[in-house]
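Notes for the one structure printed next.
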Amino acid sequence: MSRRNAAIFAAVLLAIAAGAMALAGANPLAGFAALLRGALGGERQLSETLVQTTALLFPSLAVAFAFRAGLFNIGAEGQLIVGGLFAGLAGAALVAPGWIAIPVILLAGAAGGAIWGGIAGALRARFGGNEVIATLMLNIVAALLANYLVVGPFHAPAATGPETAELPVSSWLPVLIPGTRLTISLLLALALAGALSFMFARTVFGYALQAAGEAPQAAARAGIDLRRTALVALTLSGAIAGFGGATLVAGVLHRFNVALSPGYGFIAIAVALVGGLDPLWIVLAAFAFGILQSGSLTMQALAHVPKDVVGFVEGLAILGLSARRIANPREESA
Amino acid sequence: MAELLDFFQLALVKATPLIFAALAGVICERSGILNIALEGGLTVGAFTGAAVSFETGNPLLGLIAGMLAGALLCGLLGVAATRFGVDQIVAGIGLNMLAAGATAFAVVVLFGAPGATPEVHALGSAGETALIAVAVVAALALQLGFDRTPWGLRLRACGENPQAVLSAGLDPRRIRVLATLAGGAIAGLGGVFLSLGELDLYSDGMTAGRGFIALAAVIFGRWTPLGAAGAALAFGALSALQFVLQRSGVPSELMQALPYLAALAALTGIVGKARAPAADGVSL
Amino acid sequence: MARAYHTGVTTRALALASVVFLAACTNGGGTGKAASGAHQLRLAMVTDTGGLGDKSFNDSAYRGLQMAKSKFDAEIAVQESKSAADYQPNLTVLADGDYDEIFAIGFLMNNDLTEVAKNYPDKHFAIIDAVNPQPNVASVTFREQDGSFLAGALAAMVTKTKTIGFLGGIDSPLLRKFEVGYAAGAREIDPNVKVVVKYVGSFEDVASGKELADVMYGGGADIVYIAAGKSGLGAIDEMRARPNAYAIGVDSNQDALVPGKILTSMVKHVDVAVFKIASEVHAGKYPSGSVQLGLKEDGVGLTDFAYTKALIGAAHIARLAALREAIVAGKIVPPSTRDELAAFTPVKL
Amino acid sequence: MVETAGAALEAIGIVKRFGTLVAVDGVDLELARGEIHALCGENGAGKSTLARILAGALAPSAGRVASDGPVGLVHQHFELVDRLRVWENVVLGREPRRGLRLDAAAARERVRSLAREYALDVDPDAVVESLPVGIAQRVEILRELAREPSTLVLDEPTAVLAPREIDALFATLRSLAARGAAIMVITHKLQEVISHANRVTVMRGGRVVLRAATAETSLDAIARAMVGGDVPALATRRAVTPHAAFAARDLRAGDGAHALRGASFEVRGGEIVGIAGVEGNGQSALCDAIAGVVPYAGEMTLDGEPLRGNPGARTAAGVRTIPQDRQREALVLPWSIARNVALGDHTRPPLRRGWSLDRQACDALATEIVRRFDVRAASIRTSVAALSGGNQQKVVVGRALAHEPRVVIAYQPTRGIDVGAASLVQSRLIEARNAGAAVLLVSFELDELLAVADRILVLYRGAIAGEFVREGFDRARIGALMAGAA
């Protein structure tokens, strides 16, 4: 998207949003001030915004990872759910000191996501199956699987809701700022973004991955196995999303619940696109969407705007942002 | 015997919105647009149908409006993908979110209370039966149209090699936009079947993933109208079976997951290698 | 590659800025009515992920707040939750605000409420459908199985086909309290009555609700207890079109939806509970501790057969009253899980 | 439309800009009825752009085209729908109808009668993807003829044809012209121009630099006009003693019309072996099999050792390829030169260091290639997408020759690049041979092979139909074998 188009796009979105606001009988300007106050106005507000940022960051990095390898992973939502499910089951079953339990739980989540992404990867690698359709279908299967397991065999005996048993307190992710829900998962996410950025720019693995994404035929002739790349990329992409699901379980909910995600995996596509598939810019994009997510909670009570408007405008944003090509040509950082 | 008849009837009712959506998917994909916004097309069709019927008291007007709304939503995908270089997949996701958000918002704004519209004038059971027949006839007509008419030839060519269509003096962008408009109208009709055919109201989330099952049906039916309609019918029967067999030991979630698992199986080619149109999902 | 776009730093920055601005406008809106005076009662609630429009307890709780609004001129606010991760921030946002009482609607946010209640010891909270031990939290739970027991008994008395149905939304422990109480009530009246249990798998799939009702009525059930949220609207639609088919409504009083064909509704008085707490707050008294509302407390109960007295008959209605007394007196303890149901034996009054 | 006496088509002051690039810069052109007009020029001279403007497929930035009927355009890369039948392709867009229906019988009959009329034999019901290239071209031509064009423009139509087929094509074109059509053929094969065309127009840098009747000009004059000076000389071939290097036994790959059906040959170190043949006779399958990117049967050895494994293993063993489609098969277009030169060698030292790519090593390599191959680029950070075709090809060839290769597989390495770049590429291949590399050069241009190769193998229908050593090169005999003569 050129600069001019971005500006036009923002203006159009704004006009549509304003129209929706008018229909709902609200005043955009007053809302702006209130939103910033609600999302950034204090330690608690900021920490909640960062919780949302973190929750978005993992699936966004997962999406970007796959997209850079030329693979449309639109299944981050399902991978996140399965990751959370694995983490919840492992966490509830595991009685161990935190320094053992926490890594195990997070890795269980990554493993769950990896399996879910890997199924799509295997279909693509082995049969050339379209990963868009595969990941789309797997999203739904993930939700059904989670519901079955959490209501059925793994339902927490004491709980009324569709959730697993609570994790022992020792297995909770350490909190960064006492009194908030902001855990070390933010640092993990930032570290991951940094690692991915380095990986894309410097490593042989990242080089091969992006070559496969940008120019598959040239990559194949250069000895890069496209099938293996599809399998590896979708598996690792799923692992990142699943890891994110695990941080929600171990850091925020302390159990797996079927309502774990409000669609982080879908919003992540917009985040990844806004960030130009560049991990460091994605951090900023996730923060911007974190403000949207966190702010939308804060504003509901005051603005009397139905929560569906957020989804509506996020949909519009994704629609507009998709104008950018996905397997995005990288700006040369070398 | 009577039970069997009931079962077939139920399967047909379950299948009808799937057939409409799957036919919409076939039209779009054969023109080269991978339309994952079928769910959104169903949603806006169902909502607009109900809302217009509520305002006018005339369900037939609702039906037409629902088709127009579906055409508009999917046409947006067609225009975006052919004129603005938008990526079809991502745009489809955006349109689904937009459709869900906009209809839920509109329910609040227009009807004052969230969740569902009040009861509206519906097409009635005669209308429902007529729409079921329309779905079946549409599948046959589309198959004939694909195989036997100039437009079918052009559509198929467009999904295979738009450049060739261009050099034949035709405008592939126009063909794709028309395909999304026609497909969207049919998806909208599928939505109208839900809100005004089977029922007499619109309720948030009432499409319940049928647009995605339809995508599975398109693959399972190998991108042909009759194949996709057949797959939709099979999925309808599957879900009818799920109703009947519930609590017989098979988890209902597994039964619900079967269409999606079937689509995944279709991707492996184990059930017969199917080739998607060569330019399916390729933006111009 | 002509399709390739090059995204420069400026473009990304601009896109980011537009998202933030957009965020602002999306959520914008006036701050509503400003608080007009220090005496105005301010009440707020957090919905669970079902949100408003669920035709169930979120809506019911909201009705309670609206009653308080009209009665006490209270200012009310609603925070809807999109995911389980939203509960705590939603509660916190309200705790930061100047509210006299904050209602957490649904057991799902009990753990989150504990956290928030600890952090805000000076604020007052209430939770519906769960028991919370914090001193500044009032807990309200319902014995849905009690009311459902009566519904099942009624269905077993009235059925002509000796087959009755239960249609649930999503199979879950809460819904099973309805299902199991209903089945036990039927067994109490007549162990030979067959209870067909089916779940839609969704609270939103209206069409499937209708189709499933078609299967149940078509399969011989003449009375179906419908506890399926919006999916239930479809089931009621199906029932309306069928002669000799009846339904029992749930949560709210649905009797008037199809007068004469909805035998009764098993009402869960979330609105009453919310309004009652609001009244106490209005009177300057902040309730705490936990109450369990069953038949005795009128927390649950059947509606008064406004359209169906003749159909049901005075004898049956009298028998229901006796059953109700037995439950209130503790002579009958309706089961709440499938295991308890398996062990349940009719008392045979 | 403006009627022009005697002229089937007249173009005046045609300008076409793409961004800052001026592809066509003020061209006037007149095509007379009944003539065959050759349009020559180096790659990038603006020929194809002009052709598309004449055919109405592209709007000019300035100027106008007047024509007294439809203008047909036969594309260099056929624009056919592979999965449709011949008749469907031919009638697409102008389908005969009966009511709402497509009249398939009428359409088939139309294709048959057209095929008879112009002696372009083809089965109307064949699916295009099953047809050999030469036949597919007939379909493309039939499709244009079905429109009854007053002017027919053919973009490099002979690139895919054997000499004998070329004669047949021109016979068809001549009969077409005799009926009053104007024919314009874009070609860079100057021999064809002299033999078949009435007039010739030469373009360079978007402008017309020569107009002449072919009877009044010479091959040399046309060539000098195209290049804008003298054709550069090739590197001298030094006498080297060839040693055994690469051998293939009974190699089979691919399927359908373009398959390789059992080829056995060797390429010795210090020699260039040319593969002569018409496109579509198994050349792609041959090169892809050696590169290891397609499944194949048969054996290959390098210095007596079996050559196996994936493309990466072959690269490591010293087998380097210059693929046919440089933009898709050789380069990552958005990447810089420095990043592209590592492709294929990114897994080994010196470019790899531990888990990372060694940037200094990549930069040094890129700088060396840019210097040695005279790559015209702002810097080694320039994206290869921004380079001209010739410079892109120099990067590809430079990368292939950078690591003292033992075997070089070059598929049409000079296709579509200007004469200067082509000469440089050919010279570097000769130098690699002088240094002892075994070079396999696939070319559809017999002249290129005659100039560069030590030996020529003729590939016909996937098998080797003949072998010639440099002293015994026989243009006529090779041409005959390419067309399938026994």
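Can we say A:Glu163 is more than 30 Å from B:Leu38 (Cα to Cα), acidic (Asp, Glu) and in contact (Cβ under 8 Å) with a residue 40 or more places away in the chain?
yes
Hey, any hits in the range A:204-221 for a residue that's more than 14 Å from chain D (Cβ to nearest Cβ) and in a helix (DSSP H, G or I)?
no
For every residue, the table says whether it meets (1) at pLDDT below 95; (2) crowded, with 19+ Cβ neighbours inside 10 Å.
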{"residue": "A:Gly70", "(1), (2)": "yes, yes"}
{"residue": "A:Asn73", "(1), (2)": "yes, yes"}
{"residue": "A:Ile81", "(1), (2)": "no, yes"}
{"residue": "A:Gly84", "(1), (2)": "no, yes"}
{"residue": "A:Val95", "(1), (2)": "yes, no"}
{"residue": "A:Phe127", "(1), (2)": "yes, no"}
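Restricting attention to the range D:249-269, which residues are more than 20 Å from D:Ala453 (Cβ to Cβ) and within 24 Å of the chain's Cα centre (by Cα)?
Matches in the range D:249-269: D:Arg252, D:Ala253, D:Gly254, D:Asp255, D:Gly256, D:Ala257, D:His258, D:Ala259, D:Arg261.
Select, from D:Ala247, D:Ala233, D:Ala239, the only residue that is within 30 Å of D:Gly269 (Cα to Cα) and without any contact (Cβ under 8 Å) to a residue 12 or more places away in the chain.
D:Ala239
Hey, any hits in the range B:112-127 for a residue that's crowded, with 18+ Cβ neighbours inside 10 Å, assigned to a helix (DSSP H, G or I) and of a type in the set (A, V, I, L, M)?
The answer is no; no qualifying residue exists.
C:Thr7 - would you say it is at the interface with another protein chain (Cβ under 7 Å from one of its Cβ atoms), modelled with pLDDT under 50 and more than 28 Å from C:Val206 (Cβ to Cβ)?
For C:Thr7, the condition - at the interface with another protein chain (Cβ under 7 Å from one of its Cβ atoms), modelled with pLDDT under 50 and more than 28 Å from C:Val206 (Cβ to Cβ) - is met.
I'm trying to understand the selection: among the residues of the range A:148-197, which are modelled with pLDDT under 85 and within 14 Å of chain B (Cβ to nearest Cβ)?
If the condition is that a residue be modelled with pLDDT under 85 and within 14 Å of chain B (Cβ to nearest Cβ), then A:Val151, A:Gly152, A:Pro153, A:Phe154, A:His155, A:Pro162 are the ones that fit.
Among the residues of the range C:77-127 satisfying the criterion of being more than 19 Å from the chain's Cα centre (by Cα) and basic (Lys, Arg), which is surrounded by the fewest Cβ atoms within 10 Å (Cβ to Cβ)?
C:Lys118
Specify which of the listed residues (D:Val231, D:Val227) is exposed (fewer than 15 other Cβ atoms within 10 Å of the Cβ), closer than 26 Å to D:Val24 by Cβ and within 21 Å of the chain's Cα centre (by Cα).
Within the list D:Val231, D:Val227, the selection yields D:Val231.
Only residues that are over 30 Å from the mean Cα position of the chain (by Cα), surrounded by fewer than 18 Cβ atoms within 10 Å (Cβ to Cβ), at pLDDT 90 or above and within 13 Å of chain B (Cβ to nearest Cβ): list them for the range D:99-136, please.
Residues satisfying the conditions are D:Arg101, D:Asp103, D:Ala105, D:Ala106.
Return the only residue of C:Asp171, C:Asp214 being in the same structural domain as C:Arg240 (by TED's automatic domain parsing), in a helix (DSSP H, G or I) and charged (D, E, K, R).
Only one candidate passes the filter, namely C:Asp214.
Can you pull out every residue in the range A:127-145 that is under 12 Å from A:Gly117 (Cα atoms) and more than 8 Å from every other protein chain (Cβ to nearest Cβ)?
If the condition is that a residue be under 12 Å from A:Gly117 (Cα atoms) and more than 8 Å from every other protein chain (Cβ to nearest Cβ), then A:Glu131, A:Thr135, A:Asn139, A:Ala142 are the ones that fit.
Any residue at all in the range C:218-239 that is part of a loop (DSSP other than H, G, I, E, B), touching a residue at least 24 places away in the same chain (Cβ under 8 Å), under 22 Å from C:His269 (Cβ atoms) and in contact with a Leu (Cβ under 9 Å, 6 or more places away or on another chain)?
Scanning the range C:218-239, I find at least one residue that is part of a loop (DSSP other than H, G, I, E, B), touching a residue at least 24 places away in the same chain (Cβ under 8 Å), under 22 Å from C:His269 (Cβ atoms) and in contact with a Leu (Cβ under 9 Å, 6 or more places away or on another chain), so the answer is yes.
Can A:Arg227 be described as within 14 Å of chain D (Cβ to nearest Cβ), surrounded by fewer than 24 Cβ atoms within 10 Å (Cβ to Cβ) and at negative phi?
Here the answer is yes, as A:Arg227 does meet what is asked.
Restricting to the range A:1-60, and then to whatever is basic (Lys, Arg) and modelled with pLDDT of 70 or more, can you tell me which residue is nearest to A:Gly238 (Cα to Cα)?
A:Arg44
Being at pLDDT below 85 and among the charged types (D, E, K, R) is the filter here; which residues of the range D:392-426 pass it?
D:Arg415, D:Asp418 - these are the residues of the range D:392-426 that are at pLDDT below 85 and among the charged types (D, E, K, R).
Please tell me if A:Ile240 is in contact with a Phe, Trp or Tyr (Cβ under 8 Å, 6 or more places away or on another chain), in a helix (DSSP H, G or I), aliphatic (A, V, I, L, M) and away from chain D (no Cβ under 14 Å).
yes
Looking only at the range B:246-263, decide whether some residue is more than 9 Å from every other protein chain (Cβ to nearest Cβ) and either within 30 Å of B:Leu61 (Cα to Cα) or part of a strand (DSSP E or B) (or both).
No, there is no match, as no residue in the range B:246-263 is more than 9 Å from every other protein chain (Cβ to nearest Cβ) and either within 30 Å of B:Leu61 (Cα to Cα) or part of a strand (DSSP E or B) (or both).
Kindly indicate which of D:Thr214, D:Thr201, D:Thr236, D:Thr241 is β-branched (Val, Ile, Thr) and in contact with a helix residue (DSSP H, G or I) (Cβ under 7 Å, 6 or more places away or on another chain).
D:Thr214
Output the qualifying pairs, or none if there are none: Cβ atoms under 7 angstrom, residues six or more apart or on different chains, first residue in the range C:166-186 and farther than 23 Å from C:Leu320 by Cβ, second residue in a helix (DSSP H, G or I) and small (Gly, Ala, Ser).
Partner pairs satisfying both residue conditions: C:Gly169/C:Ser231.
Within the bounds of the range C:294-313, is there any residue that is part of a helix (DSSP H, G or I) and either buried (at least 21 other Cβ atoms within 10 Å of the Cβ) or of a type in the set (Ser, Thr, Tyr) (or both)?
Scanning the range C:294-313 turns up no residue that is part of a helix (DSSP H, G or I) and either buried (at least 21 other Cβ atoms within 10 Å of the Cβ) or of a type in the set (Ser, Thr, Tyr) (or both).
Of the residues in the range D:56-97, how many are at the interface with another protein chain (Cβ under 10 Å from one of its Cβ atoms) and either assigned to a loop (DSSP other than H, G, I, E, B) or free of Cβ contacts under 8 Å to residues at least 12 places away in the same chain (or both)?
Going through the range D:56-97 one residue at a time, the tally reaches 18.
Is there any pair with a first residue in the range D:314-328 that is at pLDDT below 90 and a second that is aromatic (Phe, Trp, Tyr) whose Cβ atoms are under 8 Å apart and which are 6 or more apart or on different chains, and what are they?
Every condition considered, the pairs that remain are D:Gln324/D:Tyr411.
Applying the selection to the range D:329-345, what residues are in contact (Cβ under 8 Å) with a residue 24 or more places away in the chain, facing chain A (nearest Cβ under 10 Å) and assigned to a loop (DSSP other than H, G, I, E, B)?
Those that are in contact (Cβ under 8 Å) with a residue 24 or more places away in the chain, facing chain A (nearest Cβ under 10 Å) and assigned to a loop (DSSP other than H, G, I, E, B): D:Leu331, D:Val332, D:Leu333, D:Pro334, D:Trp335, D:Leu343, D:Gly344, D:Asp345.
Determine which member of the set D:Arg428, D:Arg475 is surrounded by fewer than 19 Cβ atoms within 10 Å (Cβ to Cβ), in contact (Cβ under 8 Å) with a residue 24 or more places away in the chain and in contact with a Leu (Cβ under 7 Å, 6 or more places away or on another chain).
D:Arg475
The values are calculated or read from the model by the stated rules, or taken from the named source; none is laboratory data. Note that the structure is predicted; figures quoted are calculated from it, not measured. For neighbour counting, all protein chains shown are included, and Cβ atoms are generated from backbone atoms with ideal geometry for every residue, glycine included.
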